[in-house]
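J.: Let me give you the structure first, and then I'll get to my questions.
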Amino acid sequence: TPLFIRLAALAAFLPAIAFAAEDAADAAAPTYSKKGADTCIGCHDDEVTLAVFHGKHGQPADARSPFGKGQLQCEACHGPAGDHTKRVKKGETRPPVIRFSRDSTAPVSVQNGMCLACHEKSTASAWHSGPHATNDVSCASCHDSHARKDPVLATSTQADVCFTCHVAERGQFQKMFAHPVRQGQLACSDCHAPHGTTSEKQ
């Protein structure tokens, strides 16, 4: 019958469709650079980039670090860089990797997604409903994962990081009577929970 013939033809054609879909998936799958961090450092050998090896993210002896044994090194955070590292034809733009900063072309959700993939358990459970997340503040707006010591994690330098957005509060701490924040004796996070809380003013 015509229906049987059509079904037989479809059955014969299905493996070709599956094969084509598999090829398309392989073509769309992101590729990683061939030599990992060695590929990245070939171009990005500046002091700011290399400082990562002096902080927690760049420790080969720590299995939790992106540079721990079997980890993806730079690409664990910045995403697959295979296309980024390929030779670019004249007139073409080099495909970007995820860059972490306030002015990054990567959406905040993508930047924070990379961070939270490892750090979600260590942030407060209220992060997703807190004012920083609600206002699309990226982790990199406060944290510097390449710094030897992340300024926002030190009492003496944390307030300067917070004041880049909380400008009015900087003025409050210049008053004669104020908490000893500008003296480096008290951090904003000693009172506030920047990763979110249900309390007013965090």
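The values are calculated or read from the model by the stated rules, or taken from the named source; none is laboratory data. For clarity, every value in this text was computed on a predicted model and none was experimentally measured. Positions of Cβ are generated from backbone atoms using ideal geometry, with glycine treated the same way; all protein chains shown enter the neighbour counts. Only protein heavy atoms, including side chains, enter the accessible area calculation; ligands, DNA and RNA are left aside. Shrake-Rupley method; radii C 1.70, N 1.55, O 1.52, S 1.80 Å.
J.: Out of everything in the range 132-156 that is over 17 Å from LEU116 (Cβ atoms) and touching a residue at least 60 places away in the same chain (Cβ under 8 Å), what residue ends up being least open to solvent (accessible area, probe 1.4 Å)?
T.: Checked the range 132-156; the qualifying residue least open to solvent (accessible area, probe 1.4 Å) is ALA147.
J.: May I ask you to say which residue of ARG102, ARG64, ARG87 is modelled with pLDDT under 95, surrounded by fewer than 16 Cβ atoms within 10 Å (Cβ to Cβ) and either more than 30 Å from HIS195 (Cα to Cα) or hydrophobic (A, V, I, L, M, F, W, C) (or both)?
T.: ARG87
J.: Looking at ASP62, is it free of Cβ contacts under 8 Å to residues at least 12 places away in the same chain and in contact with a helix residue (DSSP H, G or I) (Cβ under 8 Å, 6 or more places away or on another chain)?
T.: For ASP62, the condition - free of Cβ contacts under 8 Å to residues at least 12 places away in the same chain and in contact with a helix residue (DSSP H, G or I) (Cβ under 8 Å, 6 or more places away or on another chain) - is met.
J.: Ok, one more. Identify the residue in the range 166-181 that is of a type in the set (D, E, K, R) and in contact with a helix residue (DSSP H, G or I) (Cβ under 7 Å, 6 or more places away or on another chain) and, among all such residues, is surrounded by the fewest Cβ atoms within 10 Å (Cβ to Cβ).
T.: Only one residue fits best here, namely GLU169.
J.: Inspect all residues belonging to the range 184-198 and state whether any of them is open to solvent by 40 Å² or more (accessible area, probe 1.4 Å), assigned to a helix (DSSP H, G or I), within 17 Å of VAL137 (Cβ to Cβ) and without any contact (Cβ under 8 Å) to a residue 12 or more places away in the chain.
T.: no
J.: Still on this structure, I have one more. Test of understanding: among CYS118, CYS77, which residue is without any contact (Cβ under 8 Å) to a residue 60 or more places away in the chain and not in a loop (DSSP other than H, G, I, E, B)?
T.: After ruling out the rest, the residue left standing is CYS118.
J.: A further question follows. HIS132 is checked against (1) under 16 Å from the mean Cα position of the chain (by Cα); (2) within 25 Å of PRO66 (Cα to Cα) and fails just one. What number does that condition carry?
T.: (2)
J.: Oh, and also: For the range 91-122, give me the residue count where each residue is β-branched (Val, Ile, Thr) and touching a helix residue (DSSP H, G or I) at 6+ places or on another chain (Cβ under 7 Å).
T.: Looking only at that region, the number is 2.
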